[in-house]
1. Just one of (1) assigned to a strand (DSSP E or B); (2) surrounded by fewer than 15 Cβ atoms within 10 Å (Cβ to Cβ); (3) touching a residue at least 40 places away in the same chain (Cβ under 8 Å) trips up K27, so point out which.
2. Just to be sure, is V81 surrounded by 10 or more Cβ atoms within 10 Å (Cβ to Cβ), touching a strand residue (DSSP E or B) at 6+ places or on another chain (Cβ under 6 Å) and touching a residue at least 40 places away in the same chain (Cβ under 8 Å)?
3. Output the residues belonging to segment 1-46 that are out of contact with any Lys or Arg (no Cβ under 9 Å at 6 or more places or on another chain), aliphatic (A, V, I, L, M) and closer than 13 Å to S57 by Cβ.
4. The conditions are (1) exposed (fewer than 11 other Cβ atoms within 10 Å of the Cβ); (2) at pLDDT 95 or above, and N37 fails exactly one of them. Which is it?
5. Which members of segment 52-78 meet the condition of being free of Cβ contacts under 8 Å to residues at least 24 places away in the same chain and in a loop (DSSP other than H, G, I, E, B)?
6. Testing D89 on (1) over 17 Å from A2 (Cα atoms); (2) over 14 Å from the mean Cα position of the chain (by Cα), one condition comes back false. Which one is that?
7. Would you say R44 is surrounded by 10 or more Cβ atoms within 10 Å (Cβ to Cβ), more than 13 Å from the chain's Cα centre (by Cα) and either part of a loop (DSSP other than H, G, I, E, B) or modelled with pLDDT of 90 or more (or both)?
8. Just one of the numbered conditions (1) of a type in the set (G, A, S); (2) free of Cβ contacts under 8 Å to residues at least 60 places away in the same chain; (3) surrounded by 13 or more Cβ atoms within 10 Å (Cβ to Cβ) is not true of A49; which one?
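The values are calculated or read from the model by the stated rules, or taken from the named source; none is laboratory data. Note that the coordinates shown come from a computational prediction; the quantities given were computed from them, not determined experimentally. No Cβ is skipped: glycine too gets one built from the backbone with ideal geometry, and neighbour counts run over all protein chains shown.
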Amino acid sequence: MAQIGTFTRDENGAYTGSIKTLTLNVKASIKPCDRDNDKAPDFRVTAGAVEFGAGWSKTARETGAEYLSLTLDDPSFTAPVYASLIQGDKGEHKLIWSR
């Protein structure tokens, strides 16, 4: 797993930062959204006006730590990217990639 982004959280629960991969280098926002059913995401991931991901609030079974489970997709990707947004040092949140 590799870190592909760094974010900070504001007082409204939204995250702002950047995502960098081999094909992306964008400033992104992860904002809470209204859910219309149990499977709907808790967050939407956008770069400017383009939505390219969704996120769900999760709690780690072993540690009880809260994190966001994200799915990112872009036409330049061969498959969706799955990532976790976890709290790091000094209020920073790290976006960790997995597939």
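1. Of everything listed in (1) assigned to a strand (DSSP E or B); (2) surrounded by fewer than 15 Cβ atoms within 10 Å (Cβ to Cβ); (3) touching a residue at least 40 places away in the same chain (Cβ under 8 Å), K27 misses just condition (3).
2. Values: surrounded by 10 or more Cβ atoms within 10 Å (Cβ to Cβ): yes; touching a strand residue (DSSP E or B) at 6+ places or on another chain (Cβ under 6 Å): yes; touching a residue at least 40 places away in the same chain (Cβ under 8 Å): yes.
Yes; evaluated as a whole, the condition is true for this residue.
3. So in segment 1-46, the residues out of contact with any Lys or Arg (no Cβ under 9 Å at 6 or more places or on another chain) come out as 1-2, 8-11, 20-25, 27-28, 34-40.
Then keep just the ones that are aliphatic (A, V, I, L, M); that gives 1-2, 22, 24, 28, 40.
Of everything in segment 1-46, just one residue is out of contact with any Lys or Arg (no Cβ under 9 Å at 6 or more places or on another chain), aliphatic (A, V, I, L, M) and closer than 13 Å to S57 by Cβ, namely A40.
4. In the conditions (1) exposed (fewer than 11 other Cβ atoms within 10 Å of the Cβ); (2) at pLDDT 95 or above, N37 misses (2) alone.
5. A60, R61, E62, T63, G64, A65, D73, P75, T78
6. (1)
7. Numbers: surrounded by 10 or more Cβ atoms within 10 Å (Cβ to Cβ): yes; more than 13 Å from the chain's Cα centre (by Cα): no; either part of a loop (DSSP other than H, G, I, E, B) or modelled with pLDDT of 90 or more (or both): yes.
Answer is no for this residue.
8. Of (1) of a type in the set (G, A, S); (2) free of Cβ contacts under 8 Å to residues at least 60 places away in the same chain; (3) surrounded by 13 or more Cβ atoms within 10 Å (Cβ to Cβ), only one is false for A49: (3).
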